[in-house]
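> Below is one structure. I have some questions about it.
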Amino acid sequence: MPDNQNQRTKDSWRLQHYMALCGVASRRASEAIILEGRVTVNGETARELGTKVSASDRVLVDGKEIFMEETKRYVLLNKPAGYVCSLSDEKGRPVAADLLKDAYSERLYNVGRLDMFSSGLILFTNDGDFARTLSHPSAELEKEYIVDSSVPLPRNLAEDFMKGVRVDGVFYRCRDAVELNSHRMRIVLIEGKNREIRKVFESREIGIKRLMRVRIGNVGVSGLQFGQFRDLTSVEVQSLLKLCRKED
């Protein structure tokens, strides 16, 4: 895991890195927040991604001052269908992070996404480096799904998905796919392109009744009911990081 104590002894950080350490969002999401003009440093709106700040600077996001968080949180949620994975939703839809608000005082954000109609495991954290490592394309972290279809599955779908399927000019390929019965398939992804499974199924005119993520790396659903969550153990956090490939 990153040595957060050493990071705190630095004289300064890039603004997006500092925001991640404060638990605002991942570095990438923090960059978007900066470019939207939502961040001020010592009373001045910051629009440069290379802006340097120190712990003595006063940084506000949407008018609220942010601080370095002492406690790093790593939370596993079994998201019910019907919740969106974002910090807020302009359409007023239920937000998955709200399921954690009563249990954690820290501002937690999701690592990766599940679409609104999908259910299953998703990680939340206030550790920007942890989120960045797991989300980096080189990580190739396995994510396992169970998909229930509304019509019988074509017998060659699993094999085709493993070989690769091109939909609207985008190439999709899973690491593994197994037909469990005529209406259920287990699929393992490592890329996690936007709505990948749904797009492949739609290209074959196969309706999806339920799509549930049951594993992320070495962490499984482990008896969590929909809407329930738990802290990851330190062993699980370390193991997830070890599963991720080193960045170039």
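The values are calculated or read from the model by the stated rules, or taken from the named source; none is laboratory data. Everything numeric here is computed off the predicted structure, so don't read it as measured data. Every residue, glycine among them, receives a Cβ derived from its backbone with ideal geometry; neighbour counts consider all protein chains shown. Accessible surface areas use protein heavy atoms only, side chains included; no ligands, DNA or RNA. Shrake-Rupley method; radii C 1.70, N 1.55, O 1.52, S 1.80 Å.
> So which pairs qualify, if the first residue must be in the range 217-233 and free of Cβ contacts under 8 Å to residues at least 60 places away in the same chain and over 23 Å from HIS136 (Cβ atoms), the second must be open to solvent by 30 Å² or more (accessible area, probe 1.4 Å) and not in a loop (DSSP other than H, G, I, E, B), the Cβ gap must be under 6 Å, and the two must be at least 6 apart or on different chains?
Correct list of pairs: empty, since none qualify.
> Just one of the numbered conditions (1) closer than 25 Å to LEU15 by Cβ; (2) free of Cβ contacts under 8 Å to residues at least 40 places away in the same chain is not true of SER54; which one?
(2) is the only condition that SER54 fails.
> What is the residue count in the range 198-210 for residues that are open to solvent by 10 Å² or more (accessible area, probe 1.4 Å) and not in a loop (DSSP other than H, G, I, E, B)?
7
> Looking at ARG107, ARG132, ARG93, ARG73, can you tell me which residue is over 17 Å from ALA25 (Cα atoms) and not hydrophobic (A, V, I, L, M, F, W, C)?
So the residue among ARG107, ARG132, ARG93, ARG73 that is over 17 Å from ALA25 (Cα atoms) and not hydrophobic (A, V, I, L, M, F, W, C) is ARG93.
> So if I check each of ALA32, ALA96, which one is in contact (Cβ under 8 Å) with a residue 12 or more places away in the chain and of a type in the set (A, V, I, L, M)?
ALA96
> Could you run through the range 56-92 and say how many residues are out of contact with any helix residue (DSSP H, G or I) (no Cβ under 7 Å at 6 or more places or on another chain), at pLDDT 90 or above, part of a loop (DSSP other than H, G, I, E, B) and surrounded by 11 or more Cβ atoms within 10 Å (Cβ to Cβ)?
Residues flagged as out of contact with any helix residue (DSSP H, G or I) (no Cβ under 7 Å at 6 or more places or on another chain), at pLDDT 90 or above, part of a loop (DSSP other than H, G, I, E, B) and surrounded by 11 or more Cβ atoms within 10 Å (Cβ to Cβ) within the range 56-92 amount to 7.
> Among the residues that make up the range 114-123, is at least one of them within 14 Å of VAL24 (Cα to Cα), at pLDDT 85 or above and not in a loop (DSSP other than H, G, I, E, B)?
So far as the range 114-123 goes, no, none of its residues is within 14 Å of VAL24 (Cα to Cα), at pLDDT 85 or above and not in a loop (DSSP other than H, G, I, E, B).
> Could you count how many residues in the range 127-159 are surrounded by fewer than 18 Cβ atoms within 10 Å (Cβ to Cβ), out of contact with any Gly (no Cβ under 9 Å at 6 or more places or on another chain), among the charged types (D, E, K, R) and more than 16 Å from ARG210 (Cβ to Cβ)?
Count: 3.
> Something else: Need at least 2 residues that are open to solvent by 10 Å² or more (accessible area, probe 1.4 Å) and modelled with pLDDT of 90 or more per element, so show me which helices (runs of 4 or more DSSP H) inside the range 1-55 make the cut, counting only ones lying wholly within it.
27-35
> Further question: Confirm whether ALA103 is open to solvent by less than 40 Å² (accessible area, probe 1.4 Å) and out of contact with any helix residue (DSSP H, G or I) (no Cβ under 7 Å at 6 or more places or on another chain).
no
> Quick one: which residue in GLY223, GLY227 is under 18 Å from the mean Cα position of the chain (by Cα), closer than 30 Å to GLY128 by Cβ and part of a loop (DSSP other than H, G, I, E, B)?
Every option except GLY227 fails the conditions.
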